[in-house]
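The values are calculated or read from the model by the stated rules, or taken from the named source; none is laboratory data. Just so it is clear, the structure is predicted and the values come from calculations on it, not from any experiment. With ideal geometry, Cβ positions are generated from the backbone for all residues, glycine too; neighbour counts draw on all protein chains shown. With ligands, DNA and RNA removed, areas are computed over all heavy atoms of the protein, side chains included. Shrake-Rupley method; radii C 1.70, N 1.55, O 1.52, S 1.80 Å.
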Amino acid sequence: MIASRVVARSARVAAPRVSIAATRGYAEAAKPAQNTRPPVAVYGLDGTYASALYTAAAKQGSLETVSKALDNMAQTFKRDTRLQNILSAPTLADSDKKQIIGELQKSTNTTDKSQTLQHFLETLAENNRLSLLDGVCEKFGILMGAARGEVEMVITSAAPLDQKVVKQLETVVSKSQYVGQGRKLRVVPKVNPDIRGGLIVEIGDRTIDLSVSAKMARMNKLLSDTL
């Protein structure tokens, strides 16, 4: 796991620290792009960074490569629960950050000849914003979905859903009025134990709350209004 490798390496590091900014350089010239502006607005500091990355990748002609890399990186965050805590540590040295960037790039299983993602990770490290990376992955996915004409459906459950259930929901919703003709549905499963059970389905600006916690809240309100 990345977290274990970073901790182990940090204990052995004795090499002098070098400023990351001094090593930056583009490997190839930017490729022409029709439109480099993000297709929709995403909010929060992670949204700001995701939008900046989208623009940089569009200018370099590496949007699909970066998108695939961030999708794989998002899976790494899900598998390695300690990684976010390490990235949030305020005492990370430059050598630690450099090692983390190297490990994160390995986890993407992609080759980005433009080095757009590498430069972006270096910028996050320089600004002490590596802790935003998980959120950046999510917001970048929203931008790419909008660029591809996809409709995002977020399914939140108290525990991971069986893939058969996810596929059934995807099949039903993809044929509904919420997706529209010629558009593709992008399913984003999320886990939140606080909802206790049931599901919360979000499609665009519509939310269908079928969670146990929502039912309990409605029941409590009904009792308080009645008594």
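Pairs meeting the criteria (first residue in region 57-80 and surrounded by 19 or more Cβ atoms within 10 Å (Cβ to Cβ), second residue among the aromatic types (F, W, Y), beta carbons under 7 Å, at least 6 apart or on different chains) are S67/F140; L70/F140. Scanning region 89-128 for residues that are among the small types (G, A, S), at pLDDT 90 or above and in contact with a Ser or Thr (Cβ under 7 Å, 6 or more places away or on another chain) returns a single hit, S114.
State which residue is nearest to the chain's Cα centre (by Cα) when the search covers only region 126-141 and only residues that are surrounded by fewer than 21 Cβ atoms within 10 Å (Cβ to Cβ) and part of a helix (DSSP H, G or I). Among them, the one singled out is E138. When region 34-56 is filtered for residues that are out of contact with any Gly (no Cβ under 7 Å at 6 or more places or on another chain) and either part of a helix (DSSP H, G or I) or open to solvent by less than 30 Å² (accessible area, probe 1.4 Å) (or both), the ones remaining, listed by number, are V42, L45, G47, T48, Y49, A50, S51, A52, L53, Y54, T55, A56.
Residues are listed down the side, and each one gets a yes or a no for (1) in a helix (DSSP H, G or I); (2) open to solvent by less than 60 Å² (accessible area, probe 1.4 Å); (3) in contact with a helix residue (DSSP H, G or I) (Cβ under 9 Å, 6 or more places away or on another chain):
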position: E170; (1), (2), (3): yes, yes, no
position: Q177; (1), (2), (3): no, no, no
position: G182; (1), (2), (3): no, no, no
position: K190; (1), (2), (3): no, no, no
position: E202; (1), (2), (3): no, no, no
position: M216; (1), (2), (3): yes, no, no
position: K221; (1), (2), (3): yes, no, no
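Could you please give the count of residues in region 204-214 that are assigned to a strand (DSSP E or B) and either without any contact (Cβ under 8 Å) to a residue 12 or more places away in the chain or loosely packed, with under 11 Cβ neighbours inside 10 Å (or both)? Adding up the residues that qualify gives 4.
Look at region 52-97 and say how many of its residues are over 19 Å from the mean Cα position of the chain (by Cα) and of a type in the set (S, T, Y). Total satisfying the criteria: 2.
Within the group K78, K98, which residue is part of a helix (DSSP H, G or I), within 19 Å of K190 (Cα to Cα) and basic (K, R)?
Answer to the check: K78.
Take the residues in region 151-160 that are within 19 Å of the chain's Cα centre (by Cα) and under 21 Å from S213 (Cα atoms), then tell me which one is surrounded by the fewest Cβ atoms within 10 Å (Cβ to Cβ). Top of the filtered list is P160.
Can you pull out the residues in region 39-60 that are within 16 Å of R148 (Cβ to Cβ) and modelled with pLDDT of 95 or more?
A50, Y54, A57, A58, listed by residue number.
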